[in-house]
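Accompanying notes for the structure given below.
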Amino acid sequence: MGVARLTKVTVISPRSDYADVAKALARFEDFHAIPSGTLTFDPAVQELSVRAVRLFAQADQAAKDLGLQASPGWIDLVFGGVKVEKKDYEASKWEELLAKAEAELDPVVEEVKAEKADLQKAAKDEADAKTAMDALEAVSGFSANIGGLSSLKWFKASVCIVRNSTVEEFRKSLPTPIFRVYQLNQAESLVMVAVKSSDSPLLDKAIKALEVKPVAISSLLPQNPAEAYRELQRQEAAARQSRIEAEGRLSQTRERSGDRLLACRELTEVARDMLDEARASGDMKRFATISGYIPSRDETRFRSDFSRWMVFLEPSANLAHGHDDKLPVLFDNRGGIDTWQRITSEQGIPGQHEVDPTPLVSFVFPIFFGLMFGDFGHGLILTLFALFARQRTTGTKRQWATIFLVAGISSMFFGAVFGEFFGLSLYKTVGIPSVIEIINRPLGMTPSPNIANIEIIMEVSILIGVAHLITGLGLNIYEGVKAGEKLEVAIEKLPALTMYISGVGYGLAFIGAGFKFDVLASSSPAPLIGTPDNVIGALSLAVLIPSMLVLFAGKAVAVKLGKVKDLSFATAISNGGLEVFERMLQFLSNTISYVRLAVMLLVHAVLLMIVNMMAPVSDPLLLPVWIVFNLLVLALEGLIVYVQDLRLHVYEFFTKFYVGTGTPFRRILPPRARVNIKWL
């Protein structure tokens, strides 16, 4: 489990066979191509790549025109009942596969293009008619032919819509005009004005200055405003009907051909990506080469599939850190653990010599979730919903549903431990003995938090956090040893672990001594472990002080001994002091952060306690309100608990040993959700 061992492979074939090599790589799939750094492309594969790019562009545009989603969302899958069914494509070579995709795609693309063009034309005609109607709406009741005004020889005439407040000003701004006013409404009037041809510049200037709106009617329409408006209404209605019909035809095409189009789109996208990866084939004239990584467990299969050509394999033992090519990382978790790679990937892919934390995450993450969301009833609902979602989803969405399924089961378990059932007492409801109730519910009295038990849960939370952080610091040492970083392990990583462990011991003695630093004078038992304060304090100080000294001066000593050459002695001392101070603050805040395991549990229980007080389940009239409030708490708290769980891993745990800067293993044939490719 963890990360798969890889083998570097190189395939050399005649140029005439390289298209067959590309087919064999597609059949093999688990091949991470190494960029060749050359711009020499194999002509046959390059032609196939260009063809795949063109087909994908056509399919993608047609899918967008139909409003199709490449991948349906959660709501569509879970509540809409949308199913993604895979379509089989059989071919003996890439050219045949692309030909099948093209033959299937072309009729749909042409149909969608024609229907989209009809829709765009109808929408434009409707918009144009509506715009023209808006311009004539104010004069739609005015019945007079104004077409002859534009043909006057000795006069310049215009029909305008003028604000009532500026009519007189408009009249006075023109010398001896012919001026007729027809009031349209309380705000505007229709003005017919004519001036001598020599005064036309004055008319144009007045129209612009007073923001007068001339009435313009297209020559294709009747020049009577009322008749023109009625004609535009007829045109707008006809265009709207055409648009509705075009939308209906597109909708029918979407229902009839949508799945087929999306399958073709995915097929051409896969072909585009893979052929683009494989087309760079080395600089030799008669031979093509391609190199990459495969899982070491598949070496025998790779030799068999590529036995026609020359194959060179470099064992994974030789692929050491510092290799010319940065090694990709392939997760190799099985048995359900691979599902939790989604959480690990939030931080990144393991780098060289880094431990894959996924197995630990698969165990700890649901426990943390259940602790913070410990309610049997809410856990049951979450479990049932996750089961329902899991049955209706595939791929990544199915993995997330599985994560929340396990989290729901964990919530049920801890809900049974804490006796919580929709904010009610599970112990009293079922009649089982209590384990550790966090809410007191005496008969006839208001429920209240059980402070003593909450304190116990807080202490357990701190202990869990300490164990979690020690594990992370221990893994950091293991990675350093694995990478051969002996000096860094000795002066940084190991002292950090011992400093933290001894710091926890001293902290317990400090608390046991009544929060006094003179722990050596106290013989009281330290909390949680029961050892006398002076004993645990002395042992802790015996480890803590040397650990801090090594962190403070270790690198400076290494500088003096010539082991570290990129720092000065003064800089190393300064950095060491900052390191000790930063570690102290970091360890303290990290440890306290795990108290949220208990705090979130208490918040969840108190919220449900308030819900049951506001809308008691015993009142039938308030039962719908009680259900709604419970669903709101479940959704809100479920999201918050997930975020807090993720935070404890990403910010508290991963930061101790995990950077996540690795290069992901990229299969040469991308994953597929809608198509199965069967090579003959």
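The values are calculated or read from the model by the stated rules, or taken from the named source; none is laboratory data. Predicted model, so just to flag it, every value in this text is computed and none were measured. Positions of Cβ are generated from backbone atoms using ideal geometry, with glycine treated the same way; all protein chains shown enter the neighbour counts.
Look through region 266-309, keep the residues that are assigned to a strand (DSSP E or B) and either among the aromatic types (F, W, Y) or not assigned by TED's automatic domain parsing to the domain that holds D42 (or both), and return whichever of them is surrounded by the fewest Cβ atoms within 10 Å (Cβ to Cβ).
Result: F287.
How many residues does region 643-680 hold that are among the aliphatic types (A, V, I, L, M) and either assigned to a helix (DSSP H, G or I) or loosely packed, with under 15 Cβ neighbours inside 10 Å (or both)?
First, pick out the residues of region 643-680 that are among the aliphatic types (A, V, I, L, M): 643, 646, 648, 650, 659, 668-669, 673, 675, 677, 680.
Then drop every residue that is not either assigned to a helix (DSSP H, G or I) or loosely packed, with under 15 Cβ neighbours inside 10 Å (or both), which leaves 643, 646, 648, 650, 659, 680.
Of the residues in region 643-680, 6 are among the aliphatic types (A, V, I, L, M) and either assigned to a helix (DSSP H, G or I) or loosely packed, with under 15 Cβ neighbours inside 10 Å (or both).
Output the number of residues of region 179-205 satisfying the condition of being within 19 Å of S140 (Cα to Cα), aromatic (F, W, Y) and either free of Cβ contacts under 8 Å to residues at least 24 places away in the same chain or touching a helix residue (DSSP H, G or I) at 6+ places or on another chain (Cβ under 6 Å) (or both).
0
Hey, F404 hits all of (1) of a type in the set (A, V, I, L, M, F, W, C); (2) more than 30 Å from K83 (Cα to Cα); (3) in contact with a helix residue (DSSP H, G or I) (Cβ under 8 Å, 6 or more places away or on another chain) but one; which does it fall short on?
Result: F404 passes all but (2).
Can you pull out every residue in region 229-273 that is under 19 Å from Q46 (Cα atoms) and in contact with a Ser or Thr (Cβ under 9 Å, 6 or more places away or on another chain)?
Those that are under 19 Å from Q46 (Cα atoms) and in contact with a Ser or Thr (Cβ under 9 Å, 6 or more places away or on another chain): A271, R272.
Determine whether region 426-437 contains at least one residue that is in a helix (DSSP H, G or I) and either among the basic types (K, R) or in contact (Cβ under 8 Å) with a residue 60 or more places away in the chain (or both).
Scanning region 426-437, I find at least one residue that is in a helix (DSSP H, G or I) and either among the basic types (K, R) or in contact (Cβ under 8 Å) with a residue 60 or more places away in the chain (or both), so the answer is yes.
The rows are residues; the columns are (1) assigned by TED's automatic domain parsing to the domain that holds V580; (2) over 20 Å from L588 (Cβ atoms); (3) touching a Ser or Thr at 6+ places or on another chain (Cβ under 9 Å).
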{"position": "Y500", "(1), (2), (3)": "yes, no, yes"}
{"position": "G505", "(1), (2), (3)": "yes, no, yes"}
{"position": "F510", "(1), (2), (3)": "yes, no, no"}
{"position": "S523", "(1), (2), (3)": "yes, yes, no"}
{"position": "I529", "(1), (2), (3)": "yes, no, no"}
{"position": "S547", "(1), (2), (3)": "yes, no, yes"}
{"position": "F552", "(1), (2), (3)": "yes, no, no"}
{"position": "V559", "(1), (2), (3)": "yes, yes, yes"}
{"position": "G562", "(1), (2), (3)": "yes, yes, no"}
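Among the listed residues I456, I439, which satisfies the condition of being more than 30 Å from D356 (Cβ to Cβ) and crowded, with 19+ Cβ neighbours inside 10 Å? Spell out the reasoning first.
Details: I456 fails: crowded, with 19+ Cβ neighbours inside 10 Å.
Selected residue: I439, the only one of I456, I439 that is more than 30 Å from D356 (Cβ to Cβ) and crowded, with 19+ Cβ neighbours inside 10 Å.
Can you work out which of the residues in region 119-135 that are closer than 30 Å to V181 by Cβ and touching a residue at least 12 places away in the same chain (Cβ under 8 Å) is surrounded by the fewest Cβ atoms within 10 Å (Cβ to Cβ)?
Step by step, filter region 119-135, then rank; the result is K130.
M284 fails exactly one of the following numbered conditions: (1) of a type in the set (A, V, I, L, M, F, W, C); (2) more than 24 Å from G472 (Cβ to Cβ); (3) touching a residue at least 40 places away in the same chain (Cβ under 8 Å). What is the number of that condition?
Failing condition for M284: (3).
Looking only at region 350-393, which residues are more than 30 Å from T663 (Cα to Cα), assigned to a helix (DSSP H, G or I), touching a residue at least 60 places away in the same chain (Cβ under 8 Å) and of a type in the set (F, W, Y)?
F388 - this is the single residue of region 350-393 that is more than 30 Å from T663 (Cα to Cα), assigned to a helix (DSSP H, G or I), touching a residue at least 60 places away in the same chain (Cβ under 8 Å) and of a type in the set (F, W, Y).
If a residue must be β-branched (V, I, T), out of contact with any helix residue (DSSP H, G or I) (no Cβ under 7 Å at 6 or more places or on another chain) and closer than 17 Å to L469 by Cα, how many such residues does region 569-597 contain?
Step one: filter region 569-597 for residues β-branched (V, I, T), giving 571, 573, 580, 591-592, 595.
Subset that is out of contact with any helix residue (DSSP H, G or I) (no Cβ under 7 Å at 6 or more places or on another chain): 571, 592.
Filter once more, so that each one left must be closer than 17 Å to L469 by Cα: 592.
Residues in region 569-597 being β-branched (V, I, T), out of contact with any helix residue (DSSP H, G or I) (no Cβ under 7 Å at 6 or more places or on another chain) and closer than 17 Å to L469 by Cα: 1 in total.
Would you mind finding the one in E168, E211, E188, E227 that is on the phi > 0 side of the Ramachandran plot and not assigned by TED's automatic domain parsing to the domain that holds K83?
When all the criteria are applied, what remains is E211.
Take K116 and decide whether it is of a type outside the set (G, A, S) and surrounded by fewer than 17 Cβ atoms within 10 Å (Cβ to Cβ).
For K116, the condition - of a type outside the set (G, A, S) and surrounded by fewer than 17 Cβ atoms within 10 Å (Cβ to Cβ) - is not met.
Which of the residues spanning region 232-265 are surrounded by fewer than 15 Cβ atoms within 10 Å (Cβ to Cβ) and among the aliphatic types (A, V, I, L, M)?
Answer for region 232-265, where residues must be surrounded by fewer than 15 Cβ atoms within 10 Å (Cβ to Cβ) and among the aliphatic types (A, V, I, L, M): A237, A238, I244.
For G537, state whether it is within 25 Å of M458 (Cα to Cα) and either without any contact (Cβ under 8 Å) to a residue 60 or more places away in the chain or outside the structural domain of K486 (by TED's automatic domain parsing) (or both).
Here the answer is yes, as G537 does meet what is asked.
Kindly provide the set of residues from region 476-535 that are of a type in the set (K, R) and not in a loop (DSSP other than H, G, I, E, B), ordered by number.
Result: K482, K486, K493.
Can you give me the ranges of the helices (runs of 4 or more DSSP H) entirely in region 39-138 with at least 1 residues that are within 30 Å of R163 (Cβ to Cβ), modelled with pLDDT under 95 and not polar (S, T, N, Q)?
94-136
Any idea which of (1) in contact (Cβ under 8 Å) with a residue 60 or more places away in the chain; (2) surrounded by fewer than 20 Cβ atoms within 10 Å (Cβ to Cβ); (3) under 30 Å from A288 (Cβ atoms) is the one V45 doesn't satisfy?
(2)
Among the residues of region 136-150, are any loosely packed, with under 12 Cβ neighbours inside 10 Å, hydrophobic (A, V, I, L, M, F, W, C) and under 22 Å from P225 (Cβ atoms)?
no
From the list I627, I640, which one is in contact (Cβ under 8 Å) with a residue 12 or more places away in the chain, surrounded by fewer than 18 Cβ atoms within 10 Å (Cβ to Cβ) and part of a helix (DSSP H, G or I)?
Of I627, I640, the one residue that is in contact (Cβ under 8 Å) with a residue 12 or more places away in the chain, surrounded by fewer than 18 Cβ atoms within 10 Å (Cβ to Cβ) and part of a helix (DSSP H, G or I) is I640.
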